[in-house]
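Below is one structure; the comments refer to it alone.
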Amino acid sequence: MLELPENDAHGTRPENKLQEALGYTEPIFNASMAGAAGGSLAAAVSVAGGFGMLGIGGSSTKEWIDQEASLAASTGHSWGAGLMAWVLAKNLDPLEQVLAHGPSFICVSFGDPGPAASLAHEAGVMVGMQVGNAAELARALEDDIDVVICRGNEGGGHGRNEVSTLPLLQLALQQTAKPVIAAGGLATAAGVAAVLGAGAAAAWIGTRFAAATESMSHANVKEAIGTAGMDDTIYTRAFDIAQRIDWPVEYGGRALRNDFSDTWAADLEKLGEAVASSDALTDSINEARTKADTSLAPVFAGQAAGLSRTGQSAAQIMADLAGFREVLDRSARRWRL
Ligand SMILES: Cc1cc2nc3c(=O)[nH]c(=O)nc-3n(C[C@H](O)[C@H](O)[C@H](O)COP(=O)(O)O)c2cc1C
């Protein structure tokens, strides 16, 4: 497996070791986001100095993986991919398919990462896991996970709704010398500075990159994210129930509130009954997704939607986030005794 460089005589911090191992110059990963993070976004983030990630979802085909992984790999920079453990529990093929394209890093989240981690390590690839509570953090401290990604419940897309980013990050930094990446609610140079200042190895950013020009998301979805306020999101399983997607119940999703969630999120039992008795709701939400009708279709996004804009390229977002250095400098000067 891809080894982290040993501590040197000056006590190289784990965050620096991750940078050496993965070769990025900016400590910023675009989050693996099914439906948004394809090869174009991953490539653009890597070329801008960050670490580009593909998001591989439950319905990603081999053709899609081959095409998007080839694009991510085409820049000559290192890149990675995120996959869902509960999907891989049925079949490890998507992981084998992406490993064939030579990623440097794999993130396995939402379920038992063990079998996928073994396969990735056999291929010499470093393995990370997103964690959303203390029990998942404890699992990520076992030997088969190299990098811990603390994902707070303010984050967009699926995950747990238990702990927010900063408490989880502080706990992880107390408990492990492994590299720890912070995720959830980060969208500006100040946010990146906050987690790097605390000791995170990098920031993992989803929602803001979902609105980037290179994101695969539909223009209507990007527009909805760009115009949403910070308090316009809801954490719910309603969209998954309506679409009959069998996400484990502990992983709901944070999405923009819309007419569909306003109608159903407060009564999931009634929604379950409606979906069980007729195809009408499932058909209507699938049609809304096809048409990118954001009043009904899920727009997965976190509280950082309130800090995100449309019409920016990944390079522009990266340049903006790179301002974390000035934020850290200013803060260090202000508080130096
Ligand atoms: C549109 C969208 C799709 C996502 N899809 C995935 C996914 O396929 N796999 C995954 O591990 N995480 C997924 N996530 C969660 C992200 O990896 C990450 O935890 C989250 O975006 C971080 O919070 P932020 O959105 O506030 O930056 C998704 C997030 C969003 C916004």
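Here, each number is a calculation from the coordinates, and none is a lab measurement. Quick caveat: nothing in here was measured; it's all calculated off a predicted structure. When we count neighbours, we look across all protein chains shown, and the Cβ atoms used for this are built from the backbone with ideal geometry, even at glycine.
Mind checking which of Ala81, Thr165, Ala123 is farthest towards the positive end of the chain's charge dipole, using Cβ charges of +1 (Lys, Arg) and -1 (Asp, Glu) about the Cα centre?
Thr165
Quickly work out the Gln316-to-Ala89 label distance, labels modelled 7 Å from Cα along the C-beta direction, and quote it in nm with one decimal.
So the label points at Ala89 and Gln316 sit 4.2 nm apart.
Would you list Ile145, Ile106, Ile205, Ile241 from fewest to most Cβ contacts within 10 Å? Please list the in-between numbers first.
Numbers: Ile145 22, Ile106 29, Ile205 32, Ile241 25.
Lowest count first: Ile145, Ile241, Ile106, Ile205.
Might you report the magnitude of the Cβ-based charge dipole of the stretch 219-304 about its Cα centre, with Lys and Arg at +1 and Asp and Glu at -1, to the nearest 20 debye?
Dipole of the stretch 219-304, to the nearest 20 debye: 260 debye.
Summing Lys, Arg as +1 and Asp, Glu as -1, what charge do residues with Cβ under 12 Å from the Cβ of Val98 carry, Val98 excluded? The partial results should precede the final answer.
Numbers: positive: Lys62; negative: Asp66, Glu68, Asp93, Glu96.
So the surrounding residues net to -3.
Could you please rank Phe105, Phe29, placing first whichever residue has the fewest other Cβ atoms within 10 Å of its Cβ?
Ascending number of Cβ neighbours within 10 Å: Phe105, Phe29.
Roughly how many nanometres apart are two label points built 7 Å out from the Cα toward the Cβ at Thr25 and Ser295?
The modelled label-to-label distance comes out at 4.7 nm.
Express as a percent, rounded to the nearest 5, the fraction of DSSP beta bridges in the chain (both residues included) that run antiparallel. List each step's numbers first, then the result.
On the way: 8 of 35 bridges.
Antiparallel: roughly 25 percent of the beta bridges in the chain.
If the only charges are +1 at each Lys and Arg Cβ and -1 at each Asp and Glu Cβ, what is the size of the charge dipole of the chain around the Cα centre, to the nearest 20 debye?
Values: 23 positive and 39 negative charges, 218 e Å.
Approximately 1040 debye in magnitude.
Among Leu296, Trp264, Gln316, which residue has its Cα furthest toward the positive end of the charge dipole of the stretch 238-332, with +1 on Lys/Arg Cβ and -1 on Asp/Glu Cβ?
Gln316
Note the full-extension length gain between Glu287 and Glu63 as 0.36 nm times their separation in residues minus their Cα-Cα distance, in nm to one decimal.
78.3 nm
List Lys270, Lys222 from most exposed to least, where exposure is judged by having the fewest other Cβ atoms within 10 Å.
Lys270, Lys222
Multiply the residue gap between Thr75 and Ala100 by 0.36 nm, knock off their C-alpha separation, and tell me the result in nm, one decimal place.
Here the segment from Thr75 to Ala100 would lengthen by 7.4 nm.
Compute the convex hull volume of the Cα atoms of the chain, divide it by the residue count, and report the result per residue in Å³ as a whole number.
Output value, Cα hull per residue: 129 Å³.
Expressed in nm to one decimal, what extension gain is obtained for the pair Glu269 and Arg330 from 0.36 nm per residue of sequence separation less their Cα-Cα distance?
Numbers: separation 61, 0.36 × 61 = 21.96 nm, distance 5.14 nm.
Gain in length upon complete extension: 16.8 nm.
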